[in-house]
């Protein structure tokens with residue numbers, strides 16, 4: 001098993017961060033790590049996700065949504081081949097901060113026989129998480145400033 005996680009503080013309310021996170025049709029314009037995500041964000045539904053970790057050509061996979069709690073959590077399970085070979089449980093969690101703002105955590109837990117063989121890719125994936133979180137933070141904070149009186 002291997003886990004990677006990146007947490008970013010966003011100076012915007014969770015509802016606005018959620019709005020940016022779930023507006024997947026806009027990903028191409030701002031998201032350096034997941035430039036494409038299509039499909040219905042609903043438990044049990046399959047998505048089409050393209051990730052581009054820094055320094056790679058990227059890959060496309062078809063995970064299944066495993067959790068969706070409005071304004072709080074989005075998670076999916078992706079697999080390479082058969083279960084137990086290389087499985088990744090990916091999640092985004094939004095936590096309100098005391099006094100305002102949001103803690104955004106992007107996390108993935110990898111399990112399976114091939115996980116050790118992908119160590120370099122997982123390091124690049126962690127850098128991709130950080131780049132996406134930062135881009136999401138920037139987009140949400142700009143929107144937050146534009147709606148404040």
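What follows draws every value from the coordinates through simple rules; no lab data is involved. All values derive from a computational prediction rather than experimental measurement. Cβ placement follows ideal geometry from the backbone for every residue including glycine, while neighbour counts extend to all protein chains displayed.
Here are a few things to note about the model shown:
- What the Kirkwood sum gives for the chain is a hydrodynamic radius of 15.7 Å, with every pair of different alpha carbons counted.
- Here 17, 115, 10 are placed in order of increasing Cβ neighbour count within 10 Å, fewest first, which gives 115, 10, 17.
- Modelled label reach - residue 138, point 7 Å along Cα→Cβ, the stretch 91-119 residues with backbone N closer than 20 Å: 102-106
- Fewest-first ranking of 1, 59, using other Cβ atoms within 10 Å as the exposure measure: 1, 59
- Acute angle (nearest 10 degrees) that the helix 119-147 long axis makes with the longest principal axis of the chain, alpha-carbon atoms: 20
- Normalised contact order of the chain, rounded percent, pairs of Cα under 8 Å and 6 or more residues apart: 32
- Alpha-carbon centroids, the stretch 98-149 and the stretch 29-43: separation in whole Å: 13
- For the stretch 61-110, the relative contact order comes to 27 percent (Cα pairs under 8 Å, sequence separation of at least 6).
- Placing dummy labels 7 Å off each Cα toward the beta-carbon, the span from residue 72 to residue 7 is 1.8 nm.
- 77, 37, 136, 85 arranged by Cβ crowding within 10 Å, fewest neighbours leading: 85, 77, 37, 136
- Springs between Cα atoms under 10 Å define the GNM used for the chain, and in it the highest mean-square fluctuation of 18, 76, 30 occurs at 30.
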